[in-house]
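The values are calculated or read from the model by the stated rules, or taken from the named source; none is laboratory data. For clarity, every value in this text was computed on a predicted model and none was experimentally measured. Glycine also receives a Cβ, built like all others from the backbone with ideal geometry; neighbour counts cover every protein chain displayed. Just the protein is used for accessible areas: all its heavy atoms, side chains included, with ligands, DNA and RNA removed. Shrake-Rupley method; radii C 1.70, N 1.55, O 1.52, S 1.80 Å.
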Amino acid sequence: MTRQPHDQFAKQYLTELLTPHGQVEVSRELTTEVRQVDIWFLPTASESTAPKEIGLLGKMASTACLLEPFRNATGIMAVRNCLLKLFALYSDLQRKARREKNPISEIDLPCLWILSPSCSAQLLNGFGAKLNDSGDWVEGVYFLPEWFNTALVAINQLPLTEETLWLRILGRDKTQSQAINELLALPVGHPLRGNILEILANWRIKIEESEDLTENERELIMNLSPAYLRWREETLEQGREQGKEQGNLEGQRLMVENLLAGRFGTVDKELSRTIEPLMQLPITERTQVLLNLSRQELLERFGDSRLD
């Protein structure tokens, strides 16, 4: 069960970080056959330098690129499949260039970044992946031979700096736990902190809803718990403050809608039916319910099937 929640989390997480800096396309389909790349990113034309606020990730995304994040250590076939996606995309881009009679240059071809919690020496050696000799890239970023336009990122080998924080959150075990603690230590007003906390909290909620959790999933829940608890605490406080400031039905309704949207991405017809019953609860109890109950539990307890 971990792979699918991780895919959803990684795509949402990287989209959140990259959207201010360019065009993000999730699960882009390639026409050669049914293949999808996890993240296809095109930087905004006006941005001539890497976005500094996301550090190493911003440097990687300073040019068009594919991002393929993995929850578990990448294997040989996984790397081969990523390369197939890259070359299939190259074919798509070349066909488009021929149709439009606008030749594509080598420097315009996107790079592939394979984000793995760790990389074995065997994997790196087998693909000829090596550290960059120029010193422009930190430890843990291994480049395949030049014409592959590909790098393997061993997240557990990245230095413990603010520059690498946003990539280390995608790691595993102690690497991820350390990164989450660093995220929590950022000032409350940090432009990325709040949204990333919410994404991590929602990832934990989705995993916890699964049945028959594996040992790896239990460890992941432990890693994510500090982020979840801090997000929950800050959201409760925000709810209390909104209630004090607004103190009217419209303000309370807005708070409920915002919490539902934060948990489930959108407030559809079914969820909208829970708003009125939820507003009858005291503010503290209402916020607790919104943070803790699953979508199904909310619908069963507060949904009104008689409404159209």
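The table below lists the values:
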quantity	calculated
Neighbour net charge for PRO117 - beta-carbon separation under 12 angstrom, K R +1, D E -1	+3
Rg in Å to one decimal, and Dmax rounded to a whole Å, for the chain via C-alpha atoms	21.7, 67
Antiparallel DSSP beta bridges within the chain, as percent of all bridges there, nearest 5	60 percent
Built amide H within the under 5 Å cut-off of ILE39, gap 5+	SER27, LEU67
Accessible area of TYR90 in the full protein assembly, 1.4 Å probe (Å², nearest 10)	20 Å²
Count of lysine pairs in region 60-199 with Cα separation under 27 Å (8 or more residues apart, or interchain)	4
Loop-exposed GluC sites (Glu not before Pro) per DSSP, neighbour cap 16 Cβ within 10 angstrom, longest uninterrupted part of the chain	212-308
Nearest-ten-degree value, helix 215-246 long axis tilted from longest Cα axis of the chain	50 degrees
Probe 1.4 Å, all protein chains present, accessible-area order of LEU197, LEU42, largest first	LEU42, LEU197
In degrees, nearest ten, helix 76-99 long axis to first principal axis of the chain (Cα)	80 degrees
Accessible surface, per residue, of the chain when the full set of protein chains is kept, probe 1.4 Å, Å²	52 Å²
Helix 193-208 vs. the chain, principal-axis angle (Cα, 0 to 90°, nearest 10)	80 degrees
With every protein chain in place, region 153-227: carbon and sulfur % of accessible area (1.4 Å)	50 percent
Qualifying aspartates and glutamates (Cα of each under 18 Å from Cα of LYS52; at least 8 residues distant if same chain)	GLU16, ASP136, GLU162, GLU163, GLU182
